[in-house]
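Okay, structure first, notes after.
Please treat every number below as a calculation from the coordinates, not as lab data. Since the model is a prediction, treat every value here as computed from it, not as a measurement. Cβ: placed from backbone, ideal geometry, glycine included. Neighbour counts: every protein chain shown.
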Amino acid sequence: MRKLIITSAALALSACAAQAQESGGSAPQLYDDPDAGALTGLTTAMVRDAADLVTEGKVYRLGIVSGPDTPVWGDRTYSMSIVDLGVNGPNKVTGHDDRVETHLGIGTQIDGLGHIGIDGVHYNGVPYTDIMREDGLIRYGAENIPAIATRGVLIDMAAHRGVDVLEPMAQFGAAEIQAAAAAQGVQVRAGDVVLFHTGWLSTMGDAEKFIAQAPGINADGAAWLVEQGVVAVGADTAGLETNAPPADGTVLPVHAMLIAQNGIYILETIDTRELAADGAHEFMFVLGAPRLKGSVQAIINPVAIR
């Protein structure tokens with residue numbers, strides 16, 4: 001009898017462990033390098049769960065085209081030159097090469113952990129002197145951002161307010177984000193990439209307005225996302241947060257909270273239009289950032305699949 005009880009208990013424990021593994025609770029981590037920031041929270045179970053969301057086989061391109069006319073912050077620039085390779089060999093092969101000179105914070109982009117610090121201290125207490133060199137970052141370079149494959153969530157703030165485009169400088173916080181998510185039938189979970197649709201890409205024809213007057217998440221909303229355990233937050237705006245400083249005068253409080261304090265990546269100028277049009281609030285999100293050595297940011301083209 002005692003042997004039977006022990007055997008039954010062992011089987012029950014094994015079943016519980018398997019169930020926990022399936023739910024992601026004790027599944028193996030994808031990344032254990034602390035320099036990966038919040039991405040250390042991703043597990044193999046989260047990847048499998050995200051893959052299970054693919055039922056239609058529809059693929060969404062979330063990056064816009066970056067070019068010389070893309071609205072930019074400050075004095076960022078982009079230029080491309082093409083070289084004619086001439087006619088080569090008896091079979092007269094012809095071709096072209098290219099050379100681009102650009103800031104990497106143009107268009108759809110990911111902000112790496114070397115982008116923002118607080119009083120010279122970056123994520124995980126690393127001083128900027130251990131990161132920055134004139135010819136490239138020696139730690140937290142964007143080339144080291146791990147590949148991302150996880151559940152993506154779209155929260156349509158424009159639809160929640162009953163408009164096509166949020167008003168200039170509009171802010172949204174935790175309560176409104178939760179209400180919008182609930183109304184749209186999604187729940188934010190640990191390991192998610194959360195994207196906000198504001199409709200603001202429709203204003204890109206007015207570059208100054210697009211940059212200076214964008215709506216965005218406030219610090220209260222960002223703090224709630226931190227509590228949920230998300231790994232990245234993005235929007236269809238150039239800065240995720242607004243240019244309106246809080247009453248206490250703090251600068252870029254959302255960037256500081258997400259990147260410097262919590263290692264959560266920021267995705268900017270994400271093309272959420274097709275996802276919003278389809279009412280696609282849950283999908284598999286995939287991103288492999290360009291591996292340019294020492295880079296602070298990266299121009300990206302993430303993919304959503306459902």
> For Ile118 and Glu143 in one chain, what is 0.36 nm times their gap in residues minus the Cα-Cα distance, to one decimal in nm?
Replying inline: 6.8 nm
> To the nearest 10 degrees, how steep is helix 2-23 against the longest Cα principal axis of the chain, on a 0 to 90 scale?
Replying inline: 20 degrees
> For segment 168-306, what proportion of DSSP beta bridges, expressed in % and rounded to the nearest 5, is antiparallel?
Replying inline: 25 percent
>> Please list 3J(HN,Hα) in residue order for segment 168-175, calculated via the Karplus relation 6.51 cos²θ - 1.76 cosθ + 1.60 where θ = phi - 60°; whole Hz, with x for glycine and proline.
In response: x, 6, 5, 10, 9, x, 4, 4
> Once amide H atoms are placed 1.01 Å from N in the peptide plane, what residues at a sequence separation of 5 or more from Thr43, or on another chain, have their amide H within under 5 Å of its amide H?
Replying inline: Leu30
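Among bridges DSSP assigns within the chain, what percent are antiparallel (round to 5)? Don't skip to the end; give the middle numbers.
Numbers: 31 of 45 bridges.
Around 70 percent of the beta bridges assigned by DSSP in the chain are antiparallel ones.
Below 8 Å, C-alpha to C-alpha, sequence gap of six or more: please give me the relative contact order for segment 212-306 in percent. Walk me through the numbers on the way to the answer.
Details: 110 pairs, mean separation 24.5, N = 95.
Computed value for segment 212-306: 26 percent relative contact order.
Based on the Cβ-Cβ distance from Ile82 to Arg273, what FRET efficiency comes out when R0 is 22 Å, to the nearest 0.05? Intermediate results must be reported in sequence, preceding the final value.
Details: r = 30 Å, r/R0 = 1.37.
The calculated FRET efficiency here is 0.15.
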> Can you list the residues, at least 5 places off or on another chain, whose amide H is less than 5 Å from the amide H of Gln171, using H built in the peptide plane?
Replying inline: Gly216
> Hey, what do the phi angles of segment 104-116 turn into as Karplus ³J(HN,Hα) couplings, whole Hz, using 6.51/-1.76/1.60 and θ = phi - 60°, x for Gly and Pro?
Replying inline: 8, x, 10, x, 6, 8, 10, 8, x, 6, x, 7, 10
> From the backbone phi of segment 280-287, what are the Karplus-calculated ³J(HN,Hα) couplings (6.51 cos²θ - 1.76 cosθ + 1.60, θ = phi - 60°) in whole Hz, Gly and Pro given as x?
Replying inline: 8, 9, 9, 6, 8, 10, 10, 8
>> Over the chain, with a Gaussian network built from C-alpha contacts below 10 Å, which listed residue (Asp98, Asp69, Asp35) shows the highest mean-square fluctuation?
In response: Asp98
>> Given the options Leu30, Gln228, Val121, identify the residue whose Cα lies farthest towards the positive end of the charge dipole of the chain (+1 on Cβ of Lys, Arg; -1 on Cβ of Asp, Glu).
In response: Leu30
>> Sort 175-188, 287-300 by packing, meaning the average of other beta carbons within 10 Å per residue, with the highest value first.
In response: 287-300, 175-188
> So who's got an amide H within less than 5 Å of the one on Gly239, skipping anything under 5 residues away but keeping other chains? H placed 1.01 Å off N, in plane.
Replying inline: Thr269
> To the nearest 20 debye, what is the magnitude of the charge dipole of segment 252-306 about its Cα centre, counting +1 on the Cβ of each Lys and Arg and -1 on the Cβ of each Asp and Glu?
Replying inline: 280 debye
